[in-house]
Amino acid sequence: MNKKLAIFGGKPTIENEKDYWNSWPIVNNKDIKDISKILKEKQFSGRDSKSVKELENNFSRYNNSPYCVAFNSGTAAIHASLNALDIKKGDEVITTAFSFIASALPIIYCDASPVFVDIDYETFNIDPKLIEEKITTKTKAIVVVHFQGLPADMGQIVKIAKKYKLKIIEDCAQSTGAEYKNKKVGNFGDYGAFSIMAEKQLATCGEGGLVTTNSRNKRNNLNKIKMFGEAFDKKGNRFYFSESLGYNYVLNPIQAKFASNKLKEYNMKINKIIKNAKKLSKILEKSSFIVPPKIPNACKHVFHFYRITIDPSKSSLNLSASNLRQTIQNILEKEGISTRHYQTIPLPLQPVFFDYLKSKPKFEDYPNTKKAIENTLVIGGNGSAPHYFTNDELIDKYIEIFEKIEKNKDKIIEYSKKIKYAAPWKKYKGFSDTKSGYFK
């Protein structure tokens with residue numbers, strides 16, 4: 001192994017990351033055969049589709065959820081869940097300050113007000129200890145995001161919801177198969193909203209969403225919401241009679257069938273990602289200033305993203321964590337590893353929410369979210385973890401690079417003292433840092 005880092009004149013460990021980047025989702029001959037059959041039979045409508053019902057039944061069994069309803073996106077799944085709870089203007093809905101914007105946009109679709117709560121810095125999930133202070137007489141629900149594949153602290157959150165008689169929607173978009181105390185996410189609240197778009201662990205060939213729930217009445221109401229508010233009889237017959245407000249959120253049969261196929265092999269695929277993530281974490285636990293993802297004892301993490309934390313205090317170093325993060329990011333890029341921040345500003349600082357907030361938000365209102373943006377990195381700059389953590393050879397390259405970093409730690413420390421720091425939100429000006437067309 002060449003011990004000299006590329007940033008200091010050595011040879012990059014990875015010449016071309018594209019050579020290791022795996023396509024996701026994986027398309028096999030059965031997928032092509034099954035989708036060809038749908039095309040030949042001209043099963044184009046998701047309304048009363050056998051493929052859609054098959055996916056709903058299959059996912060219900062997989063997730064140990066009594067009922068499941070398919071939607072055409074994860075965003076639609078959250079929106080429909082909020083509609084099912086009759087969230088409307090004047091209501092407040094609590095959610096996290098650190099997530100993809102689709103976790104909170106559906107709240108303002110309902111003309112309600114999002115109330116953002118800072119995160120636990122170790123898990124990056126909403127901090128239950130900060131929820132109660134945000135509850136008012138207008139609070140009706142909590143949208144709990146299981147961020148990056150790690151379940152939130154549902155034990156504490158469920159207690160708070162019961163105490164204040166609040167409803168819970170679980171945003172499971174990044175966490176299919178994740179577990180809290182041996183119970184799959186999507187089974188703790190009134191509704192569990194999942195995404196099956198092409199970058200998720202359970203991925204279809206496009207967009208898609210699922211909602212799990214625990215009662216027939218809730219299931220029936222979701223079916224009305226996803227299709228123009230129309231009523232159906234017990235046999236599923238349609239009468240073109242809209243009893244309530246609804247939308248056109250029906251999933252396409254092609255995407256439903258593809259997702260059903262991926263579900264059959266899901267455990268095998270996700271277990272490989274988990275295995276490789278844990279393999280890398282074992283190495284990073286020995287690092288002088290890099291901290292691997294924290295997994296609380298009660299949780300099963302499914303790694304939609306693999307996020308590292310840069311922490312000089314791990315070795316009692318008197319250094320700026322942000323400077324050291326930027327140093328590590330520069331080193332990784334030079335060694336051939338792409339990285340990203342994923343989000344470069346807290347959700348409440350997205351201008352789209354300003355008209356719905358009580359006061360103008362500041363970075364300082366969400367110190368742990370700000371700290372996470374400044375001092376952490378996602379490994380893999382284009383897409384989610386399955387592109388990277390399904391490749392054993394790439395994980396070995398990661399390990400080689402992080403071992404080089406450890407061997408050069410003294411030189412890295414001196415380098416980090418000299419660099420000019422640029423905050424992520426200033427560099428990207430609020431835009432996503434995903435490399436568009438990165439591998440084209």
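The values are calculated or read from the model by the stated rules, or taken from the named source; none is laboratory data. It should be emphasised that the depicted structure is a prediction, and the values quoted were computed from it without experimental measurement. Cβ coordinates were reconstructed from backbone atoms using ideal geometry, including for glycine residues, and neighbour counts include every protein chain displayed.
How do the strands (runs of 3 or more DSSP E) wholly within the range 205-253 filter down when requiring 1 or more residues that are surrounded by 23 or more Cβ atoms within 10 Å (Cβ to Cβ) and assigned by TED's automatic domain parsing to the domain that holds Phe59: which remain? Write out each step before concluding.
Numbers: elements: 209-213, 230-232, 238-242.
Here the list reads 209-213.
Name the one entry in Gly192, Gly186 that is at pLDDT 95 or above, outside any strand (DSSP E or B) and under 26 Å from Ala298 (Cβ atoms). First the steps, then the outcome.
Numbers: Gly192 fails: outside any strand (DSSP E or B).
Exactly one residue qualifies, and that residue is Gly186.
For the range 132-156, give me each residue that is hydrophobic (A, V, I, L, M, F, W, C), assigned to a loop (DSSP other than H, G, I, E, B) and more than 14 Å from Phe188 (Cα to Cα). Quick ask: steps written out before the conclusion?
To start, the set of residues in the range 132-156 that are hydrophobic (A, V, I, L, M, F, W, C) comprises 135, 141-145, 147, 150, 152, 154.
Filter once more, keeping what is assigned to a loop (DSSP other than H, G, I, E, B): 135, 150, 152.
Within the range 132-156, Ile135, Leu150 meet the criteria.
Between a residue in the range 159-178 that is under 21 Å from Phe98 (Cα atoms) and any residue that is modelled with pLDDT of 95 or more and acidic (Asp, Glu), which pairs come within a Cβ distance under 7 Å, given they are 6 or more apart or on different chains?
Ile160/Glu132; Lys167/Asp190; Ile168/Asp190; Ile169/Asp190
Surrounded by fewer than 19 Cβ atoms within 10 Å (Cβ to Cβ) and either part of a helix (DSSP H, G or I) or among the basic types (Lys, Arg) (or both): does that describe Lys262?
no
Please work out if Tyr356 is over 30 Å from His387 (Cβ atoms), among the aromatic types (Phe, Trp, Tyr) and in contact with a helix residue (DSSP H, G or I) (Cβ under 8 Å, 6 or more places away or on another chain).
Details: over 30 Å from His387 (Cβ atoms): yes; among the aromatic types (Phe, Trp, Tyr): yes; in contact with a helix residue (DSSP H, G or I) (Cβ under 8 Å, 6 or more places away or on another chain): yes.
Spelling it out, Tyr356 is indeed over 30 Å from His387 (Cβ atoms), among the aromatic types (Phe, Trp, Tyr) and in contact with a helix residue (DSSP H, G or I) (Cβ under 8 Å, 6 or more places away or on another chain).
Return yes when Lys294 is modelled with pLDDT of 95 or more, surrounded by fewer than 16 Cβ atoms within 10 Å (Cβ to Cβ) and under 30 Å from Leu324 (Cβ atoms) and no when it is not.
Details: modelled with pLDDT of 95 or more: yes; surrounded by fewer than 16 Cβ atoms within 10 Å (Cβ to Cβ): no; under 30 Å from Leu324 (Cβ atoms): yes.
Criteria not met by Lys294.
Among the residues that make up the range 129-136, is at least one of them free of Cβ contacts under 8 Å to residues at least 40 places away in the same chain and either buried (at least 24 other Cβ atoms within 10 Å of the Cβ) or among the aliphatic types (A, V, I, L, M) (or both)? Even if it seems obvious, please write down each step before you answer.
Let us first name the residues in the range 129-136 that are free of Cβ contacts under 8 Å to residues at least 40 places away in the same chain, namely 129-133.
Add one more test, that the residue is either buried (at least 24 other Cβ atoms within 10 Å of the Cβ) or among the aliphatic types (A, V, I, L, M) (or both), and what stays is 130-131.
Checked the range 129-136: at least one residue is free of Cβ contacts under 8 Å to residues at least 40 places away in the same chain and either buried (at least 24 other Cβ atoms within 10 Å of the Cβ) or among the aliphatic types (A, V, I, L, M) (or both).
Does at least one position in the range 44-60 carry a residue that is assigned by TED's automatic domain parsing to the domain that holds Val115, buried (at least 19 other Cβ atoms within 10 Å of the Cβ) and of a type in the set (S, T, N, Q)?
Let us first name the residues in the range 44-60 that are assigned by TED's automatic domain parsing to the domain that holds Val115, namely 44-60.
In the following step, the residues that additionally are buried (at least 19 other Cβ atoms within 10 Å of the Cβ) were identified as 46, 49, 51-52, 55-56, 59.
If we keep only those that are of a type in the set (S, T, N, Q) as well, we get 49, 51.
There is at least one residue in the range 44-60 that is assigned by TED's automatic domain parsing to the domain that holds Val115, buried (at least 19 other Cβ atoms within 10 Å of the Cβ) and of a type in the set (S, T, N, Q).
Consider the range 346-391. How many of its residues are closer than 16 Å to Ile108 by Cα, of a type outside the set (A, V, I, L, M) and part of a helix (DSSP H, G or I)?
Going through the range 346-391 one residue at a time, the tally reaches 6.
Please pick out the residue among Lys37, Lys18 that is surrounded by fewer than 14 Cβ atoms within 10 Å (Cβ to Cβ), free of Cβ contacts under 8 Å to residues at least 12 places away in the same chain and in a helix (DSSP H, G or I).
Lys37
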